[in-house]
1. From the list B:L118, B:L154, pick out the single residue that is under 22 Å from the mean Cα position of the chain (by Cα), farther than 23 Å from B:R200 by Cα and either of a type in the set (A, V, I, L, M) or crowded, with 19+ Cβ neighbours inside 10 Å (or both).
2. Among the residues of the stretch A:250-265, are any touching a strand residue (DSSP E or B) at 6+ places or on another chain (Cβ under 8 Å), farther than 26 Å from A:N46 by Cβ and small (G, A, S)?
3. If we scan the stretch B:262-281, do we find a residue that is at pLDDT 85 or above, closer than 28 Å to B:K190 by Cα and either assigned to a helix (DSSP H, G or I) or not charged (D, E, K, R) (or both)?
4. Among the helices (runs of 4 or more DSSP H) confined wholly to the stretch B:102-179, which include 3 or more residues that are small (G, A, S)?
5. Within the stretch A:227-272, which residues are closer than 23 Å to A:P182 by Cα, aliphatic (A, V, I, L, M) and away from chain B (no Cβ under 14 Å)?
6. Quick one: count up the residues across the stretch B:282-302 that are part of a loop (DSSP other than H, G, I, E, B) and more than 24 Å from B:E474 (Cβ to Cβ).
7. Would you tally the residues in the stretch B:342-356 being facing chain A (nearest Cβ under 8 Å), farther than 20 Å from B:F452 by Cβ and assigned to a helix (DSSP H, G or I)?
8. List the number of the failed condition for B:D434; all other conditions in (1) within 11 Å of chain A (Cβ to nearest Cβ); (2) modelled with pLDDT under 80; (3) within 21 Å of the chain's Cα centre (by Cα) hold.
Amino acid sequence: MSTEAIPAERPKRNYNALFGLTLLALLVLLWIILSVATPSFASANNISNLLRQGSMIAILAVGQTFVIITGGIDLSVGAVVGFATVIVAMLINAGVPVFLAILVTLLVGVAIGMFHGFGIVRMGLPPFIITLATLTSLRGIGLLMTNGNSISINNDAFQLFSRSSFLGVPNLFWMVILVGIPAYIFLHHSRWGRYLFSVGSNAEASRLSGVNVQRTIYMAYTLSGLCAAFVGVLLASRIGIGNPTQAEGWELQAIASSVIGGTSLFGAVGSVHGPLLGAFILATINNGANLLNVNAFWQRIITGVLIIVIVYFDGLRRRGK
Amino acid sequence: MTSTAQELHPALTLEPGRTILELKGLEKRYPGTHALKPVNLAFKASEIHAIVGENGAGKSTLIKLLTGVMPRTSGDVIWEGKPAALATPHEAMALGINAVHQEVVLCRHLTVAANMFLGEEDSRFGILQQRAMVREAQKIIDDLGFDLPAHVVLGDLTIGQQQLIAAARATVRGTKFLIFDEPTAYLTRKEADQLFTLIRRLKGEGVTIIYISHRMEEVFELADRVSVLRDGTLVGTRNIAETNDAELVKMMINRSIEQVYHKEHFTPGATLLEARNLSGKGFENVSMTVRAGEIVGLYGLIGAGRSEFVTTLYGRHRKSAGQILWEGKEVQVNSEHDAIRLGMALAPESRRDQGLCLNLPVGLNLNLPIYKRISSNLLISSAQEKTEADRQIANLRIKTPTRNALASSLSGGNQQKIVIGRWLAHGAKLFIFDEPTVGVDVGTKAEIYRLFGELLSKGAGIILISSYLPEVYELADTLHVFRRGKLVATHGFRTANHEDILNQALAEKQEKPGGQI
């Protein structure tokens, strides 16, 4: 460490807010451009659709961000979503009351997250490995349970939920708010939120300061599992089937949203609003590209380029130049 | 002093006493800080030039400018009579300017030999000549008189040994100008002696050495000349024979040396902590007590078991035998959490690895142990969070623009104040300070010692670990000497002399290389 006074960096809180505003500006800019470029973009129908499309990745990205802040990664979330659609579909079709079926599905998500915590804390496995292992095995377990078939859910009320709106806003988007507000308070205004940051920054220093590092890691992965299971319930409601191969690659979209939203893969840097904005920026690009009849293959390329550009500029600014 | 632009071939041996590097009005400004005010200084070939100054005086800035890590704001650097831009580290190295940093910046997972030749590997048709490199590296190491193996993985050596390798590495690269930044901070006395031998030898070969240290006795042992920096200004340069300790300290801090070791004596109160025949990883059968109002010093070489002993008290490691008593009752300390709940606080040895969350704000670092207290249920009271942080910043005179500045942006001494300061609000009764003043300047040292006095006056007890004898000698009411995991001697306040304590810590045998813990 240098023994000199280096001029202090700009206060962090301001920086976070500034970055959030930049993302918001980018999102609004995209919306304005698309509204001008295509007549159908600004229609109420399309906006609702866009909000629905972005909602699920947004919720996944919030859970993912908790994990990334501790310096870890959760590759299993897509598989957990698929697996959760199977669990909730089977339970509902078996006649279990819907609220109970949802509760059990969420608990399954919690259990998967706890298992990740166990693998990392007790078995000493790298997060990348343990979550990669559950990614492939959960898909396998789901396929075994369904024999490789889709399960149609025979409950109209359950399916109606994700298609309805409240106060003109799609229910799925309300779910983002339902998750986002507690998540924001948890991460930025609670003790455990601070511990997520401190563990991601320096686990040893946190431990010596009395922070329960193991519990913090358990908590991060459990929350990520819970968010993923919740998204699984929403997805099952939206498409009306349980299928373990659903949500393929969503973990990467969740990570991409989080990173676009300013989360550092090295840990200790991140927010809740950033990943939410990131998810809707990605959703807008996909939606707009569809409306503009851009080849779907191009959408993936655009997403990749966007990740590089945003993270590059974010990095530049973080270094203070 | 200037050597006019004579055409000199770089390979030409330098005549001693000729100016090799000259700084003319060298200056560095950061936004808001004038880190280095225009400096005029000439370095001669084959001299050991010490640079001393408090943290933040501009020493590191100067090094960064000379090694091309940062661009200067204005001024000229004349290298062998010609202006040098020194815009990149590569350019500095090409000229023959190298630096050995306080903290080892090498690859811990590679072998010693691989590190020695990093970037200049010997390969034939693209295939690394590993055995040849190990042989070559071993030859260099043996030649320098370091008793170290070249084939082992660097991370298996002690930090001191790694530092020697870093120094050895710098010498084999056609170096003409070598900067040592606090090289002995983590070295044992024997390792330091080896390093000094190396430095003197380099001087004999015509290399110019810049030696930065907080340890005055080293400056007087090694240097030919010494320059003092204060607040970014070059206060003066002296020939070592024409100055003394007191003058240098006065130049550095405008304060006399007696004011540094500020020792207050209190009547010891009740016993806080007792270790009975405690054994664990790295130490055996250690018994001692710590009472309220006293400083118990643990002196010994790095790796003698002192840190392992205190981290076991603190619940970081499991004890294998013996008892820990807290306020007279036997306790089981199974985790740091248990220790903190009892009323212990630990400021660990390495700020960087164990002490701070560097990329998080100062305020968060200060409040880390007390978040439980300043939050109701789970929600943090942001008002309390702010006042607690600001109070500690003011109390400890931590130099930071705001509590939201990142810990990494502070100087070493101020970082150390955070590590110590975070426990003050916590209300601990027993403070364990592990090497609290490594890499800290005299002024900050004095502040830290004064803080000890404050803690004692409030009825706290202190365990002070140090490899720096004057520190424990001047401060500890009881001084325990550790050697290879055993407590070998105990002294009262200033009851033994330096020589005896040193001999007890060193004993007769030499340490084995690579034999860490």
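The values are calculated or read from the model by the stated rules, or taken from the named source; none is laboratory data. These figures come from a predicted structure and were not determined experimentally. Neighbour counts are summed over all protein chains in view; Cβ atoms, including those assigned to glycine, are modelled from backbone coordinates with ideal geometry.
1. Details: B:L118 fails: under 22 Å from the mean Cα position of the chain (by Cα).
Result of the check over B:L118, B:L154: B:L154.
2. Step one: list which residues in the stretch A:250-265 are touching a strand residue (DSSP E or B) at 6+ places or on another chain (Cβ under 8 Å), which gives none.
No, because not a single residue in the stretch A:250-265 is touching a strand residue (DSSP E or B) at 6+ places or on another chain (Cβ under 8 Å), farther than 26 Å from A:N46 by Cβ and small (G, A, S).
3. Yes.
4. On the way: elements: B:112-116, B:130-144, B:159-171.
Correct list: B:159-171.
5. Selection gives A:A228, A:A229, A:V231, A:V233, A:L234, A:L235, A:A254, A:I255, A:A256, A:V259, A:I260, A:V272.
6. Taking the stretch B:282-302 and keeping what is part of a loop (DSSP other than H, G, I, E, B), we get B:282, B:292-294, B:300-302.
Filter once more, so that each one left must be more than 24 Å from B:E474 (Cβ to Cβ): B:282.
Within the stretch B:282-302, residues that are part of a loop (DSSP other than H, G, I, E, B) and more than 24 Å from B:E474 (Cβ to Cβ) number 1.
7. First, pick out the residues of the stretch B:342-356 that are facing chain A (nearest Cβ under 8 Å): B:346, B:348, B:351-356.
Add one more test, that the residue is farther than 20 Å from B:F452 by Cβ, and what stays is B:352-354, B:356.
Those left that are additionally assigned to a helix (DSSP H, G or I): B:352-354.
Total satisfying the criteria: 3.
8. (2)
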